[in-house]
Amino acid sequence: MLGKTTITAVVAIAAAGWVTACGSTSNVGAGSNGQTAQAGQICGQQAAAKPGYPRTVPKIDGGANTLSGAGSTFVAPVMSVWTKNYSQSDGVQVAYQSIGSGGGVQQIFAGTVDFGASDTPMKDSELAAAKSGAILHIPLTLGAVVPTYNVKGVRTGLKFDGDTLGKIFAGKITKWNDPALVALNPGITLPDQPIAVAHRSDGSGTTAVWTDFLTKESPTWVQTLGGPDRSFGKDIAWPVGIGGKGNEGVSGIINQTEGGIGYVELAYALAQNLNYGQVKNKAGNFIQPCVATITAGTQGIAYPRDLRVSLTDGPNPNAYPITGTTYALVYQNQTNAPKAKALVNFFAWVLSTGQDDAASVNYAPLGKDLQGLAMEQVHKITLNGSPVAP
């Protein structure tokens, strides 16, 4: 299993894998009618790099020179880039623990970090349990959760749909040459080999994004888990499989297990040189995950005021369907002036200059509309009831 100290290595390898992720159109983007979908062409064009959002909140003097955060492993590679670059530009050290979204929620509850990070919105019951007041959800970046596999002789690009993935993770499809997989992948020889499922063992926002998609697309998955209230969430009673801690842990299991299948954020698949699949979206197109198709996943989404929303199964025909965002979890009303100013400074930087760094490690920057809404959340941060941002 990979440890937290490997995050820098993950970032470096994922950055090198940028061309691999979005530079090929071979066997990508095929629609349900066998035609090539536009999404594959978008990935081939290596679209959408740096949005160049201006830093609309100037640096506020008097901020703390250290911050602490914890949570999502999904966001850890790009968070590592952000914390390094922010230290160089603003001289502030941001220490981030990659412990899983469930841990991020618990740490912000306990007040042991300045911000948490989760790839799934907090539930109403969780928000109600917060003892230190209202918690804001601030979207930071977009990423893809990909099915990754280790099957001898089968390269990146194997096709999946949501119902088939649901049956695999429910333990109903157990062989790689199952007729459902063969039908989705004509011309590819799949072996008579047992499928070894890998999943997260910790409370995970990546799991929540993955199971949100399975719940929407696979009746078998929902039925096996006992209903939609049990088939979606950060913690799942997995019917089959081996658990790994963090995206790092699941990546390690797949890398070491012949016949394995799991789910990780795209950057981890690239970092470990894992094969990953295309997934059929709502429009019937099999979509390659890359920056452009992840961005398309947010198009056509209606955002509520608190920005707690599901991005899976987006309506855009070019959307990669297992797309998610990482939310910074921040108490709206701060009581420590230096920390309050430092939080506003950091997130104002992440949502402007920091968005230009996202594509370097295969994350998508927030689209203009969502970036504007996220900045509105930053403006809601108060110090003893008064706005911190000018």
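The values are calculated or read from the model by the stated rules, or taken from the named source; none is laboratory data. Keep in mind the model is a prediction, meaning the values are calculated, not measured. No Cβ is skipped: glycine too gets one built from the backbone with ideal geometry, and neighbour counts run over all protein chains shown.
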Ala271 at pLDDT below 95, surrounded by 24 or more Cβ atoms within 10 Å (Cβ to Cβ) and within 24 Å of Met79 (Cα to Cα): yes
Residue identified as surrounded by fewer than 19 Cβ atoms within 10 Å (Cβ to Cβ), out of contact with any His (no Cβ under 9 Å at 6 or more places or on another chain) and touching a residue at least 12 places away in the same chain (Cβ under 8 Å) among Gly385, Gly372: Gly385
Extreme residue, nearest to Tyr268 (Cα to Cα), among residues of segment 345-367 that are touching a strand residue (DSSP E or B) at 6+ places or on another chain (Cβ under 9 Å), in a helix (DSSP H, G or I) and among the hydrophobic types (A, V, I, L, M, F, W, C): Ala358
Subset of segment 173-207 that is under 25 Å from the mean Cα position of the chain (by Cα) and of a type in the set (Val, Ile, Thr) - its residue that is surrounded by the most Cβ atoms within 10 Å (Cβ to Cβ): Thr206
Residues (touching a helix residue (DSSP H, G or I) at 6+ places or on another chain (Cβ under 6 Å) and either among the aliphatic types (A, V, I, L, M) or without any contact (Cβ under 8 Å) to a residue 12 or more places away in the chain (or both)) located in segment 141-164: Leu142, Ala144, Val145, Val146
Subset of segment 282-308 that is buried (at least 23 other Cβ atoms within 10 Å of the Cβ) and part of a loop (DSSP other than H, G, I, E, B) - its residue that is farthest from the chain's Cα centre (by Cα): Gln288
Sole residue being outside the structural domain of Pro219 (by TED's automatic domain parsing), surrounded by fewer than 18 Cβ atoms within 10 Å (Cβ to Cβ) and within 30 Å of Glu376 (Cβ to Cβ), chosen from Ala134, Ala117: Ala134
Within segment 176-281, strands (runs of 3 or more DSSP E) holding 1 or more residues that are in contact (Cβ under 8 Å) with a residue 12 or more places away in the chain and farther than 23 Å from Leu311 by Cα: 196-200, 242-244, 260-265
Any hit, segment 150-172, residues being surrounded by 21 or more Cβ atoms within 10 Å (Cβ to Cβ), of a type in the set (D, E, K, R), modelled with pLDDT of 95 or more and assigned to a helix (DSSP H, G or I): yes
Among the residues listed as Ala342, Ala337, Ala328, the single one being within 15 Å of Leu366 (Cα to Cα), touching a residue at least 60 places away in the same chain (Cβ under 8 Å) and assigned by TED's automatic domain parsing to the domain that holds Met79: Ala328
